[in-house]
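Notes follow once the structure below has been shown.
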Amino acid sequence: MAKKIVWIEDDVDIIGPVVRPLERAGFEIVRLRTAKEVFDNVAKLHEADLILLDMLLPDGGSGLELGRYTGLDIFKELLQNHALKTPVVALTVVAREEIRKNLRDLGVADIVRKPVRPSELKERIEQVLKD
Amino acid sequence: MSKPGLGITRNHRQQAQKALLDMFSSATGLPIGLYEVENGKLKGIFSDGSLDIFESHCQYIQQIPGGKELCQADHCNRAEAALNASDELLTLCHAGLYNQAVPIKVNGKTRAVVLYGEMQIEGEAYQTQSLENHQQVIQKLGLGQEQAEKLRHLLLGAKKYSPERLDEIKHFFPRVEEWFYIIMDEEDRLKSGVDRVTHDMQTRLQAIIANAENLVMELPWINTSEAQQMAREVLFSALALDTLVQNLGHYLEDYHFHKRPIGPLIYEAKRVYEAEAARRGIEIRIDLKEARDHPLEISRNHMQHALNNLVHNAVKYSFRSGYGRQRFVKIDGYPQKGHYVIEIKNYGVGILPEEIESGAIFRDGYQGQLTQGEYRTGSGKGLSFAHQVIQQHHGTIEVESRILSDKIEPEGEPHLTRFTLHLPYHQPQEKPKDG
């Protein structure tokens, strides 16, 4: 059975060319574009085998400062109020150490810096699913 | 442990702040200290206890065993109190002198706290509280009668201000505060601007990189080697551009030191440039000894990009394979006397002895004299950046480049060039500043 991945990412340009090779590799990708869509579809997150979470979403501030770090806020909310158990891989262009530390402390399965090659993302996903 | 990044902003901003504080001290005759908020915590930035301007009372306490630590803890406590306050506070130090503690707010956030003062204030109530603290510090430090007498004498001899004079000084400080605001706000704008540009560029690069790799790997209808070669060129160029964009961000980023194995960073540098190396007919070989056993205290992002730049240079300046000879970039790592040594060797375009001796090769924007034609591709920033990163890690970077033989190859005179990094396992602890 195909492994189901929920990809929370708003940018069509980013996701399109990366999704194609993942789908070809046999993954089923479900896309959610905003924080609102995420919280309207929490059941999909529980059902998924893995979540790819962009740290910058359109309905939550610039995302460039820790205090307004939307992806982080979403992740915290999912952990605290929705008892999320699905492994989360954080995708971020901001690779600052304090952000990485916050994400690691919260228990993300992996942190992938964007831009990422599709082949690398596929390897990282497979590694997390194997673990 | 953290320290400011290489960028112009933070170092220059702190110099400007120091000049402002010096100006305030000169105008008022009062010592002043600055605490910055970093990751939600206060960090002492500028407070020089050796200045003559500090009260003899304070200098005397600091000479008594345990006195310095008490003073530092007390400073921090008062700065913490101001951090959580909406406005400035008049605080009384543990030894009986008054200070003003001023939170500096930028865009609604407290970014720093300034403490100035070390004074007596006229009026019975002020004096009574001052003497109470004075008695307490005598007990805490276990002073004998003679020492207690001397301390009391120094306390009573400290500068004494009327509440009205204190108000005048308080009215002067906002002018300093205004400049603090301008300087910090400007730094925020620059950082935020670079973040946005970096983010936008990397978002676009994501699409280019993913599409280029798809062309190289996934689409069977591209069956001509020429088309695949073009797709590879796009991919390599986009990956190299990504590294440049990251460098831009790291110029402004602060250093955060954590213990990490160095091996994965070296393998990551290989991964990034392996395809470009293969295109040139060059193999990147790695041989690391005991890299896993002893992690190094490093600022990961900075070190990664220093290594990326060094490995990229080695690849970029290697001669293409020819005459049936296999070419390679060799990376060796081994422990040596409290350091981990990394050697990066390549065979190709060299560096002149005078460029090494003068240090020109590490100068920002410098391009080596032997790099000509297709080899003159860099901005001259990569080596300079790597050099600064290694220095910030209290390590060293050495370079040697020698002609291998008299035979001139089609690409020029062949040199064996070796960059040797000595990285300490541990970073020296920052010395606490007096004040």
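Where a number appears in this text, it was derived from the coordinates with a stated rule and is not lab data. Keep in mind that what you see is a predicted model, and the values were worked out from it rather than measured. Reconstructed Cβ throughout: ideal geometry from the backbone, glycine too, with neighbour counts over all protein chains shown.
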Fill in the blank from the handout: In degrees rounded to 10, the 0-90 angle between helix B:124-141 Cα long axis and the longest Cα principal axis of chain B is 60
Problem - Prolate/oblate/rounded label for the stretch B:303-362 (Cα gyration tensor, a/c 1.5) - result: oblate
Completion exercise
On the formula 1/(1 + (r/R0)^6), with r taken between the Cβ atoms of B:Ile182 and B:Ser162 and R0 of 25 Å, the FRET efficiency rounded to 0.05 is 0.20
Exercise for the section: Would you mind ranking B:Phe54, B:Phe385, B:Phe172 by Cβ crowding within 10 Å, fewest neighbours first? Expected result: B:Phe172, B:Phe54, B:Phe385
Exercise for the section: Take every DSSP beta bridge whose two residues both sit in the protein assembly as shown, then give the antiparallel share in percent to the nearest 5. Expected result: 70
Practice task
Report, in degrees rounded to the nearest 10, the 0 to 90 angle that the Cα long axis of helix B:263-279 makes with the longest principal axis of chain B.
Solution key: 30
Fill in the blank from the handout: With 0.36 nm assigned to each residue of separation and the Cα-Cα distance removed, B:Lys140 to B:Asp364 gains 75.3 nm
Practice task
Measure nothing but the geometry: give the 0 to 90° angle between the long axis through the Cα atoms of B:145-156 and the longest principal axis through the Cα atoms of chain B, rounded to 10°.
Solution key: 90
Exercise for the section: Report the calculated FRET efficiency for A:Glu77 and B:Gln59 (r = Cβ-Cβ distance, R0 = 41 Å), to the nearest 0.05. Expected result: 0.20
Problem - Residue order, fewest to most surrounding Cβ atoms within 10 angstrom, among B:Ser384, B:Ser318, B:Ser358 - result: B:Ser358, B:Ser384, B:Ser318
Handout entry: Residues A:Lys4, B:Lys270, sorted so that the one with the fewest Cβ neighbours within 10 Å comes first
Key = A:Lys4, B:Lys270
Exercise for the section: Holding the Cα-Cα limit at 28 Å, pick out from B:Lys330/B:Lys381; B:Lys41/B:Lys150; B:Lys41/B:Lys270 the pairs that are longer than that. Expected result: B:Lys41/B:Lys150; B:Lys41/B:Lys270
Practice task
Divide by every residue of chain B the summed helix terms, -39500 (n - 2.57) for each DSSP H run of at least 4, and state the resulting mean residue ellipticity at 222 nm, rounded to the nearest 500 deg cm²/dmol.
Solution key: -16500 deg cm²/dmol
Fill in the blank from the handout: Gyration tensor on Cα atoms of chain B, a ≥ b ≥ c root eigenvalues, a/c under 1.5 rounded, else prolate if a/b beats b/c, else oblate, says prolate
Handout entry: Mean separation of Cα contacts under 8 Å, 6 or more apart, over the residue count of the stretch B:57-129: relative contact order %
Key = 21
